[in-house]
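Worksheet: the structure to be examined is printed underneath.
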Amino acid sequence: MQTYYGGRAECRIRKTKVPVIHTDFTSQYPTVNALLRNWDVLKARSIRFENCTREARRLLSKVSLDATFDSRFWKKLSFFALVKPRNDILPIRRCMAKRPKTLALTSFTPRSRFGMPVPTLWRPDFLPGKSPHVVKAIRMVANGCQSELQATNLGRDGQHRPSKRRFLQESD
């Protein structure tokens with residue numbers, strides 16, 4: 001969640017051994033983008049939109065914390081959902097204690113529906129409650145590759161040819 005929003009990271013479990021994946025926290029945005037395969041959409045010749053509401057509801061109702069350690073799972077999260085929360089715990093930007101807006105993991109019921117990227121909607125095993133009601137879910141499907149894409153010099157990392165490979169490769 002902090003990864004997707006680029007917010008602060010917090011320690012919620014202390015002095016307890018838990019499974020971890022060693023991650024370079026200076027590259028959270030690129031890592032999440034690679035896992036969600038957003039690069040395919042960015043370089044696509046065209047994009048079509050698929051309704052995947054049933055799939056989204058099914059996925060969010062049974063996801064486990066263990067699943068998030070598998071890169072294949074993240075590929076299933078690449079859609080947006082229109083949700084109608086009912087006192088659900090979600091990450092939102094909110095004013096807290098008369099301070100400027102900040103990221104808050106809080107329970108709320110908004111007056112209207114709103115859209116959210118799906119990685120922010122799944123319920124970790126350690127959070128109480130249920131996933132919010134998904135009214136509609138849409139997946140962007142990339143078609144082809146733009147022919148105008150050119151190689152870019154990335155300094156020490158050499159040249160990147162976007163039409164030949166993804167900008168960041170996730171390890172499968």
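The values are calculated or read from the model by the stated rules, or taken from the named source; none is laboratory data. Every value quoted in this text rests on a predicted model; they were computed, and no experiment measured them. Please note: Cβ atoms are built from the backbone with ideal geometry, for glycine as well, and neighbour counts cover all protein chains shown.
Listed by first and then second residue, the pairs linking a residue in region 52-68 that is without any contact (Cβ under 8 Å) to a residue 12 or more places away in the chain and under 18 Å from ASP88 (Cα atoms) to a residue that is surrounded by 12 or more Cβ atoms within 10 Å (Cβ to Cβ) and hydroxyl-bearing (Ser, Thr, Tyr), with Cβ atoms under 8 Å apart and 6 or more places separating them unless they lie on different chains, form an empty list.
For (1) aliphatic (A, V, I, L, M); (2) touching a helix residue (DSSP H, G or I) at 6+ places or on another chain (Cβ under 9 Å); (3) over 23 Å from MET140 (Cα atoms), each residue gets a yes or a no:
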site	(1), (2), (3)
ARG57	no, no, no
PHE73	no, yes, no
ASP88	no, no, yes
CYS95	no, no, yes
LEU103	yes, yes, yes
PHE114	no, no, no
VAL118	yes, yes, no
TRP122	no, yes, no
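Of the residues LEU60, LEU65, the single one that is in contact with a Pro (Cβ under 6 Å, 6 or more places away or on another chain) and either farther than 30 Å from SER147 by Cβ or among the aliphatic types (A, V, I, L, M) (or both) is LEU65. For region 129-157, a tally of residues being over 30 Å from LEU90 (Cβ atoms) and hydroxyl-bearing (Ser, Thr, Tyr) returns 2. Restricting attention to region 69-113 and to residues that are surrounded by 15 or more Cβ atoms within 10 Å (Cβ to Cβ) and of a type in the set (Phe, Trp, Tyr), the residue that is nearest to ALA34 (Cα to Cα) turns out to be TRP74. Scoring LYS98 on the criteria (1) farther than 28 Å from HIS160 by Cβ; (2) at pLDDT 85 or above leaves a single failure, condition (2). The residue that is surrounded by the most Cβ atoms within 10 Å (Cβ to Cβ), among those in region 26-66 that are modelled with pLDDT of 85 or more and of a type in the set (Gly, Ala, Ser), is ALA56.
For the condition assigned to a helix (DSSP H, G or I) and under 22 Å from VAL135 (Cα atoms), GLU50 does not qualify.
Answer yes or no as to whether VAL83 is modelled with pLDDT of 80 or more, out of contact with any Pro (no Cβ under 9 Å at 6 or more places or on another chain) and assigned to a strand (DSSP E or B). Walk me through how you get there before you give the answer.
Numbers: modelled with pLDDT of 80 or more: yes; out of contact with any Pro (no Cβ under 9 Å at 6 or more places or on another chain): no; assigned to a strand (DSSP E or B): yes.
For VAL83, the condition - modelled with pLDDT of 80 or more, out of contact with any Pro (no Cβ under 9 Å at 6 or more places or on another chain) and assigned to a strand (DSSP E or B) - is not met.
Within region 3-25, if we keep just the residues that are touching a strand residue (DSSP E or B) at 6+ places or on another chain (Cβ under 8 Å) and more than 28 Å from LEU149 (Cα to Cα), the residue that is modelled with the lowest pLDDT turns out to be TYR5.
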